Amino acid sequence: MNASSSVKRTKKNSLDLLRLVAATLVLYSHQFALLGAPDPSFFGWNTFGGAGVTIFFFLSGMLVWSSWDRDPDWGRFFYRRSLRIFPALWVAVALTVLLLGPLVSTLPWQQYFGTMETWRYFTTAAFINQHNLPGVFTENFYPRVVNGSLWTLPVEFLCYVSVAMVGSLRRAPKGVTIAVNLLILVLLASWGPLLTGARFSPHFEMIAVFWWGVLYGYCMLAPWRMTPDNKMALSLAMLAFLFFAFVGERSFDRAAMLACAACLVHIACRVSVGARLTDRVGDLSYGMYIFAFPVQQMVVYWGRGQNWSWGLHFCLSMLGTTLLAYASWHLVESWALRYKPKTERPLKTPAA
């Protein structure tokens, strides 16, 4: 899911592996829900899928802020982000509509392609998410939903917009600006659902987690001295954490999950063992994320009435998703990234 995984690094780390683990956590969690089984808890703080998404957003905040800091140009910034997100998403949406849909729909193919709902699904490629295709997965445990994971993509892209907006402010010190923005977003995560309803609670929470990642990236990359500006930024960040940990419906759980994600990212920045794996196979995390849900729904569809075990469903889903993610990286994503602008300075991760 993260839009910065392809940036060349000055020092090997395990960030790509951590992203792959996060994508696998989401797939693991969804396997229970898609089979109508209770979703296991991640230390009582969240589901495993929620844990994976939290890791994604925190890590994305750190890396996307680093990308902006290296080259604060709106055009090149969004061109890079778009090259990372859209090509694989467009392929996933096209395959879903043109191949998966007619293969499993209960409607004849003429009626399937003659229905407006079918063509409306293509708006998902522009972040106007549509959940259903006509006649598809109507008898599954999670009926009619084709790709429930894609709700995070427009949220993440909104985070990119906020990075460009905040990063463009010149009058206030960067650390203070980041901390003020973080505090505002934490307050929205705490009280926003009271106004909009619980449906958007994960959206507010993940935007706040993204900006915790931005703050982490800023602190690790900038020389830290206890200047008055930095003292102000630190005070605002501490206030934001108090709100994040003690105000809101699931305040302690989200604070614990934030701390877990931050620790994992901190370790991954400093350990190079993960690169030995991901350098060989490529960065499969984004492909895993966007293809897993429809693959899992397909496996559930094929296994209906076959008495397949949860383990067999999971293994078949992992196999199919991994193959698609591998093809996506080598045939689509890495090809698209060749067109990235080359003007930004080399990435320095916090360990570099």
Practice task
Please name whichever of Val186, Met116, Gly148 sits farthest to the positive end of the charge dipole of segment 108-203, dipole taken about the Cα centre and charges placed at Cβ: Lys and Arg +1, Asp and Glu -1.
Solution key: Val186
Exercise for the section: Once you've got the GNM for the chain with C-alpha springs shorter than 10 Å, pick whichever of Leu158, Leu18, Leu59 has the biggest mean-square fluctuation. Expected result: Leu158
Handout entry: segment 150-179 residues near the modelled Trp74 label - backbone nitrogen below 17 Å, point 7 Å along Cα→Cβ
Key = 158-171
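Under 13 Å between alpha carbons: how many lysine pairs meet that in the chain, if sequence neighbours fewer than 8 apart on the same chain are excluded? Mind dumping the intermediate values first?
Details: Lys8/Lys340; Lys8/Lys342; Lys8/Lys348; Lys11/Lys348; Lys12/Lys348; Lys174/Lys231.
Here the count comes out as 6.
Relative to the Cα centre, what is the charge dipole magnitude of segment 178-329, using +1 at the beta carbon of each Lys and Arg, -1 at the beta carbon of each Asp and Glu, and rounding to the nearest 20 debye? Each step should come with its number before you reach the end.
Numbers: 9 positive and 6 negative charges, 30 e Å.
Dipole of segment 178-329, to the nearest 20 debye: 140 debye.
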Handout entry: Debye, to nearest 20: dipole size of the chain, +1 on Lys, Arg Cβ, -1 on Asp, Glu Cβ
Key = 1200 debye
Exercise for the section: Report the accessible area of Cys315, computed with a 1.4 Å probe over the heavy atoms of all protein chains in place, in Å² rounded to the nearest 10. Expected result: 80 Å²
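May I ask you to compute the full-extension gain from Phe141 to Ser334, defined as 0.36 nm times their residue separation minus their alpha-carbon distance, rounded to one decimal in nm?
Values: separation 193, 0.36 × 193 = 69.48 nm, distance 3.52 nm.
Fully extending the segment from Phe141 to Ser334 adds 66.0 nm.
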Problem - Relative contact order of the chain, defined on C-alpha pairs under 8 angstrom at six or more residues apart (%) - result: 33 percent
Fill in the blank from the handout: Checking Tyr301, Tyr339, Tyr160 against a Gaussian network model of the chain (alpha-carbon springs below 10 Å), the top fluctuating residue turns out to be Tyr339
Practice task
Provide the descending list of Cα extents for segment 154-283 along its principal axes, expressed in whole angstroms.
Solution key: 47, 39, 26
Handout entry: For segment 84-239, size of Cβ-based charge dipole, Lys and Arg +1, Asp and Glu -1, in debye
Key = 560 debye
Fill in the blank from the handout: Taking the dipole of segment 246-303 about the Cα centre (Lys, Arg +1; Asp, Glu -1; charges at Cβ), the one of His266, Tyr301, Tyr286 that reaches farthest to the positive side is His266
Problem - 10 Å-binned pair-distance histogram of segment 210-352 (Cα, whole percent) - result: 9, 22, 29, 24, 12, 3, 0
Completion exercise
Taking a ≥ b ≥ c as the square roots of the eigenvalues of the Cα gyration tensor, with a/c under 1.5 meaning rounded and otherwise prolate when a/b exceeds b/c and oblate if not, segment 24-124 is oblate
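So which chymotrypsin sites (Phe, Trp or Tyr not before Pro) in segment 218-253 pass both tests, a DSSP loop state and at most 16 other Cβ atoms within 10 Å of the Cβ? It would help to have the intermediate numbers written out before the result.
Numbers: sites: Tyr218, Trp224, Phe241, Phe243, Phe244, Phe246, Phe252; in loops: Trp224.
Qualifying residues, ordered by number: Trp224.
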Completion exercise
Within the set Gly248, Gly61, Gly311, GNM on the chain using Cα springs under 10 Å gives the largest fluctuation to Gly311
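The values are calculated or read from the model by the stated rules, or taken from the named source; none is laboratory data. Just so it is clear, the structure is predicted and the values come from calculations on it, not from any experiment. Please note: Cβ atoms are built from the backbone with ideal geometry, for glycine as well, and neighbour counts cover all protein chains shown. These area figures cover heavy atoms from the full protein model, side chains too; ligands, DNA and RNA do not enter into them. Shrake-Rupley method; radii C 1.70, N 1.55, O 1.52, S 1.80 Å.
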